[in-house]
1. Using amide H atoms built 1.01 Å from N in the peptide plane, name the residues 5+ places from ASP59, or on other chains, whose amide H lies under 5 Å from its own.
2. Can you pull a Stokes-Einstein diffusion coefficient for the chain at 4 °C (1.567 mPa s), Rh from Kirkwood over Cα pairs, as a whole number of µm²/s?
3. Could you list the trypsin sites (Lys or Arg not before Pro) in the stretch 20-77 that lie in coil according to DSSP, counting only those with at most 14 other Cβ atoms within 10 Å of their Cβ?
4. Hey, what's the chain come to in accessible area per residue, 1.4 Å probe, Å²?
5. What is the sum of charges, Lys and Arg at +1 and Asp and Glu at -1, for the other residues whose Cβ falls under 12 Å from the Cβ of VAL21?
6. Which three numbers, in whole Å and largest first, are the semi-axes of the equivalent ellipsoid of the stretch 24-75 derived from its Cα gyration tensor as √(5λ)?
7. Rounded to the nearest 500 deg cm²/dmol, what is the calculated helix-only ellipticity per residue at 222 nm for the chain, with -39500 (n - 2.57) per DSSP H run of length n ≥ 4?
8. Summarise the accessible area of the stretch 31-94 (1.4 Å probe, protein heavy atoms) by the percent that is carbon and sulfur.
Amino acid sequence: MSENSGRRNLRMPNSDEMFGVVTEHNGGNHVRVQCEDGKERMGRIPGRMKFRTWIEVDDVVVIEPWDWQDEKGNIEWRYTSQDADQLRDEGHID
């Protein structure tokens, strides 16, 4: 891979994670996420990301749904706008 191509190796979801798009910020450490499986979930921003990573509406994220409550999940990763464009170009997200 050449340095001029602009392609980067990005973090991909594990088997229990999926892509999602933030649709609403509910204050504090909670966001509403439209997931790739068609469900809308309440996402919780964990403390390790809360003050280091700013999550806004329309950001592409990786969410891990909870085993015991499928309508909620933890935000595991946020992609920059360039990374999200790369994921769209490669067909990983719509």
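The values are calculated or read from the model by the stated rules, or taken from the named source; none is laboratory data. What you are looking at is a predicted structure, and each value in this text was computed from that prediction instead of being measured. Neighbour counts are summed over all protein chains in view; Cβ atoms, including those assigned to glycine, are modelled from backbone coordinates with ideal geometry. Quick note on the areas: whole protein, heavy atoms, side chains included, nothing else; ligands and nucleic acids left out. Shrake-Rupley method; radii C 1.70, N 1.55, O 1.52, S 1.80 Å.
1. VAL22
2. 95
3. Listed in order of number, the matching sites are LYS39, ARG52.
4. Here the per-residue accessible area is 65 Å².
5. -3
6. Whole-Å semi-axes of the equivalent ellipsoid: 17, 12, 9.
7. The helix contribution divided over the chain gives -3500 deg cm²/dmol.
8. Whole-percent figure for carbon plus sulfur exposure: 45.
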